[in-house]
1. Could you go through segment A:446-462 and let me know if any residue there is hydroxyl-bearing (Ser, Thr, Tyr) and within 30 Å of A:Glu377 (Cβ to Cβ).
2. Inside segment A:138-185, can you point out the residues that are more than 16 Å from ligand 3 (Cβ to nearest atom), basic (Lys, Arg) and over 18 Å from A:Lys420 (Cβ atoms)?
3. Please tell me if B:Asn11 is of a type outside the set (D, E, K, R), farther than 22 Å from A:Lys245 by Cβ, more than 16 Å from ligand 2 (Cβ to nearest atom) and touching a residue at least 60 places away in the same chain (Cβ under 8 Å).
4. Just to be sure, is A:Ala499 of a type in the set (Gly, Ala, Ser) and surrounded by 15 or more Cβ atoms within 10 Å (Cβ to Cβ)?
5. Let me confirm something: among B:Asp166, B:Asp138, which residue is outside the structural domain of B:Tyr19 (by TED's automatic domain parsing), away from ligand 3 (no atom under 16 Å from the Cβ) and part of a helix (DSSP H, G or I)?
6. Go through (1) within 16 Å of ligand 1 (Cβ to nearest atom); (2) assigned to a helix (DSSP H, G or I) and name the single condition B:Ser53 misses.
7. What number of residues within segment B:205-225 satisfy the criterion of being in a loop (DSSP other than H, G, I, E, B), open to solvent by less than 40 Å² (accessible area, probe 1.4 Å) and touching a Gly at 6+ places or on another chain (Cβ under 9 Å)?
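The values are calculated or read from the model by the stated rules, or taken from the named source; none is laboratory data. Keep in mind it's a predicted model, so treat the numbers as computed, not measured. Methodologically, a virtual Cβ is constructed for each residue, glycine included, from the backbone with ideal geometry; neighbour enumeration extends over all protein chains shown. Ligands, DNA and RNA are stripped out before the accessible areas are found, and what is left, the full protein with its side chains, is counted by its heavy atoms. Shrake-Rupley method; radii C 1.70, N 1.55, O 1.52, S 1.80 Å.
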Amino acid sequence: MVHHHQFDALVVGGGGAGLMAALHASKRVKTAVISKLYPTRSHTGTAQGGIGAALGNMEPDKWEWHAYDTVKGGDFLSDQDAVDIMCKEAIDAVIDLEHLGLPFDRTPDGKISQRRFGGHTNNETKKPVMRACHAADRTGHMILQTLYQNCIKNKVTFFDEFQVIDLLIDDGKCNGVVAVCLATGELHVFHSKGTLLATGGFGKMWKVTSNAHSLTGDLPAAILRRQLPLEDMEFFQFHPTGVYKLGILLSEAARGEGAVFINDKGERFMARYMPTMKDLAPRDICSRYIYKEVREGRGIGGKDYVYLDFRPDQINKYFEEDGNTKRITAEYLETRLPDIIEFSRVYQGVDPITQPVPIQPTAHYAMGGIPTNVDTEVLADASGKTIEGLYAAGEVACVSVHGANRLGTNSLVDLVVFGKIGGIKMADYCERASFRAIKKETAADFAQSQIDVLRNGKGGEDAAKIRKSLQVMMDDNVGVYRTGPGLEAAITHIRELQARYKNVAAKDKGMLWNTDLMEAWELGALLDLAEVTAVSALARQESRGGHFREDFPTRNDADFLKHTFVTVKNGKIELSSKPVTITRYKPEERKY
Amino acid sequence: MKVCLKIKRFNPETDKKPYWKSYELDLEPKDRILDALHEVKWTLDGTLSIRRSCAHGVCGSDAMRINGRNRLACKVFVDDEMAFGKGVITVEPILGLPVIKDMIVDMEPFFAHYRSIMPFLVNDTDPGPRERLQSSEDRVRFDDTTKCILCACCTTSCPSFWARGDYVGPAAIVQAHRFIFDTRDHAAEERLQVLSDPNGLWRCRTVFNCTEACPRGIQVTKAIGEVKDALRTGVIA
Ligand SMILES: Cc1cc2nc3c(=O)[nH]c(=O)nc-3n(C[C@H](O)[C@H](O)[C@H](O)COP(=O)(O)OP(=O)(O)OC[C@H]3O[C@@H](n4cnc5c(N)ncnc54)[C@H](O)[C@@H]3O)c2cc1C
Ligand code: SF4
Ligand code: SF4
Ligand code: FES
C-alpha cells in the first residue's frame, strides 16, 4: 500500500544542514523532516574539531581573511560570491548557535573559545590564526544536539527512519519525494511545494573512510536517475589523519593543538615541504606528502603509514622550535581532545599521551555534489537554470564554497549558513507558490520498480561482495594519487560491477525493517556515483586540490579553471562545464 | 580467531517468539562486535536486522545487550567479549522497549521521556548581538552531561525502568541535568517539577547500572544525585 502526505515544505535529512533549514522553514510554513536515521544519529554528530568564524575572540581576525583562506584552500575553484556569503554570515551563525544553547568552550573572559586549524591564517603574518570555535572535540555533536533540541522546542514534524529513494520531478519542477518507511517497508509519497535535500556525504564508495555506514549518496543517485546533473564529483577529500586501517578520524584539532607528523626517521617532514604552515597545511597537501614519504620508503617500518605525534613533551619541543611560547600538559590535552584520545586508546590500543599514533589518509568529504546557486536552488544544468521547488544544502550540495579542497571547520559553517538560507528561501517560495498537481496513482511507480527488482530478483549475485570489490578498487584507483590508466581501469571495473548488480537479489524478502534490501538499494546508488566520479576524474587532466593526477601533476588554469557537470542520459555519461565565479582573489600558486 | 556468536533472533513476519541462534565465525581479535554482526549479515544470513551508522561509538545507533551488559556493538571487541563470555558472545536487544525485529526496538517511548523534560535551552532575555558570556567554571559544571548521545544504554539497563516503563529513566534525567546546571538556562524549576512526578526522579534506587552502561563514560548516577539534591533543597549548585 502507498501512503500519501502533503506538506508545504520538505527537508530530506536531519543532520546539521537539514535541521537548520527545518528550524527556519517551520516557523513560516507547514514543514516535515524526513530522515533515514534518527536525526541525532546523523553524521554531523561525529564532527570533532570546530566551526570556523572570524569572531576575533582570541586575536585579530577578519571574515575577509577567512574568505581568502577558503578560496586558496579550495585551489581557486571555489565560487567567490558564495564564499563571501559563507564567511561573512559565519559570525552571526556561530552567535546564533550560542543563543540557541550550544555549550561552546569559553575564554577566560567568558567568550567563545577558538583554536587553530589547517589552512586558516592571519593574512598579514601568514601564520595560523585561532578561528575554530569549539566545544571540546565534539563540536558537531553539540551542533546536532542543539539544533535537534530547538526543533523539539518548535514542534517540528519528523518522519524518522524514512528513506527517500526518488524525487517527483515533472517538467523541470520538483513536487516532492518518495520514501520507504523502514519499519513497515511501505512506500510513502510526500507531495510538497518546496523540497530541500540535506543528506550529507557519500564516502562509502571507499573502504578506508571516516564516513558512516549510512553515507551512501542516495539522493545524488536519485538526482542522476532523474537525468539531472551533479557537480565536481572528482573532488573528494582524503583527510590525512585516519586511524590506521580503520579510517576513523582523528581531528585536525590535534594538530591545531600542536601535534605533528613524523616519518620512520623520526623527522617532522611537513616542515620540509611547507615551511610556514608545516603540519597545518591544508588536508590535500598533507595527505599527498604522507604518501610521498611512504613511497620513498619513510613510512613507519617501511609500511603504508606515518605517525601523528601528540605526546606533550614532543608538542612542547616543537613549540619551542617554532618560537611559540605556549606549553601544554597531558591534562590540557585530555580536556581539549578527550574523544580523539579515547578513539585512539579504544580502537588502536595506543595511548597518544605516551605513544605516537599510526595514521593514514582516509576518504572524508565530498566537495562536489548537487549543484546549487547561492540561494541553495538546485541547478538543472551548467547554464544556471534552476529546478523550481528544489533546494539543497550541506555536504550533499555543491554551491561551491569548498572548491577543490575543503578547509577544516568549513563544513559546519556551510551547514548552518546555507541550511538557514535554504530554509528561508524555501519558505519564501512556499508562501508564494501553490501545489502543483501530481498523478497520485503513479507517483510511487519508479520507486516501487527499484524495490521490486531487488525483492523479487532471482539472480545469484551478492550485494556485500560487490560493495567490497567497489570499495577496495576505489581505494586503489580513485584515491589520493590518480592516473589516466588507473581511472580507465576503475571505470571498466565499475561497469562490470554494475552489470553484476543487475543480478542482485535481496536475501531478506520481508517487509519489516528489511535492511538487507535497503543496503542492496544503497549499493546501486554507490555504483552510480562511483562511475560519475571516475569519469569526471579522468576528464580533468590537471591536478588541483583533492584531485591529483600523476600524469598531469600541475594545475592548469587555462584549460581547467571550471566546474565539471555530469549527467547520465539514456545510459550515457555526458560532461559539461560551468565557469568559476572569481571576484576578488585571482588564482595564484598555493604556498604555505 | 574462532568466535561463537549467539544472537537472539526475532522476525514477527515468520516467528511466533524469539529464539537463540549460534553462528561460528573466523574474525580478527580486534574486530568489533558490529563487525561480527556484519559478518553474519553479509556472509551467512542477510535477514539479520540491526541499526548502526558511525561505527565508532558516537551516533548511538547500536546499543545492544552483549554478554548481558548494555554496550554499543561498535565499541566492544570480539577478543574481550570472548574472554568475558567464556568462549561465547551473546547478543540480544536492549531490554524494556518493544522488540520490532532482531536487534531493533521501538525507541519512541525512550524519546517521549526525553522530550518530557524540556530538552532545550530556555532563556527569553535579549542576548544582544554577541554571545552570552559564561565563565569556564560555569561551563564545566555541566560538561559531563553534554556528552550524551541518546543511545539508551543507561535507561534500558535500569531495573526501575524494566519494572515500570513510565519511569522517565536516567537518560532523560541526564538531559535535564545538562540544562538545569547551565547558567544560561531559566527553566530549571519547570524541569524539576516534571521530575518530581511519581514516575520521575524518585523511582531511581541508585543501583548504578546506568553509570556502568554508559558508553560515553558519563557519571549518570552522580548526575541523578545532583538533580535529586536540587529538587530536595531548591538550590542549584
Ligand atoms: C569524523 C568527522 C569529523 C568531522 N569534523 C568536522 C569538523 O571539525 N568541522 C567541520 O566543519 N566539518 C567536519 N566534518 C564534516 C562535517 O561533519 C560533515 O560534512 C557535515 O556534518 C555534514 O552535514 P549534513 O547536514 O550535510 O549531513 P549529515 O549530518 O551527514 O546528515 C545527513 C542526513 O541525511 C539523512 N539521509 C541520508 N540519506 C537519506 C535518505 N535516502 N532518505 C532520508 N534521509 C537521508 C540522514 O539520516 C542524516 O540525517 C567531519 C566529518 C567527519 C566524518
Ligand atoms: S542508578 Fe537509578 S537510574 Fe541508574 S540504573 Fe539505578 S535505579 Fe536506574
Ligand atoms: S547517558 Fe550515556 S548511556 Fe544514557 S543515553 Fe546518554 S550516552 Fe547513552
Ligand atoms: S554505530 Fe554509531 S554508536 Fe555504534
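1. In the first step, residues of segment A:446-462 are kept if they are hydroxyl-bearing (Ser, Thr, Tyr); the result is A:449.
Remaining after also requiring within 30 Å of A:Glu377 (Cβ to Cβ): A:449.
Yes, that holds for at least one residue.
2. Hits for segment A:138-185 are A:Lys155, A:Lys173.
3. On the way: of a type outside the set (D, E, K, R): yes; farther than 22 Å from A:Lys245 by Cβ: yes; more than 16 Å from ligand 2 (Cβ to nearest atom): yes; touching a residue at least 60 places away in the same chain (Cβ under 8 Å): yes.
Answer is yes for this residue.
4. Values: of a type in the set (Gly, Ala, Ser): yes; surrounded by 15 or more Cβ atoms within 10 Å (Cβ to Cβ): no.
So A:Ala499 fails the test.
5. On the way: B:Asp166 fails: part of a helix (DSSP H, G or I).
Of B:Asp166, B:Asp138, the one residue that is outside the structural domain of B:Tyr19 (by TED's automatic domain parsing), away from ligand 3 (no atom under 16 Å from the Cβ) and part of a helix (DSSP H, G or I) is B:Asp138.
6. The one condition B:Ser53 does not meet is (2).
7. Step one: of segment B:205-225, the residues in a loop (DSSP other than H, G, I, E, B) are B:205-208, B:214-219.
Still in the running and open to solvent by less than 40 Å² (accessible area, probe 1.4 Å): B:214-216, B:218.
Filter once more, keeping what is touching a Gly at 6+ places or on another chain (Cβ under 9 Å): B:215-216.
Residues that pass the stated criteria total 2.
Conditions (1) within 30 Å of A:Ser449 (Cα to Cα); (2) surrounded by fewer than 16 Cβ atoms within 10 Å (Cβ to Cβ), marked per residue:
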position: A:Ala525; (1), (2): yes, no
position: A:Ala539; (1), (2): no, yes
position: A:Ser543; (1), (2): no, no
position: A:Asp551; (1), (2): no, yes
position: A:Lys562; (1), (2): no, no
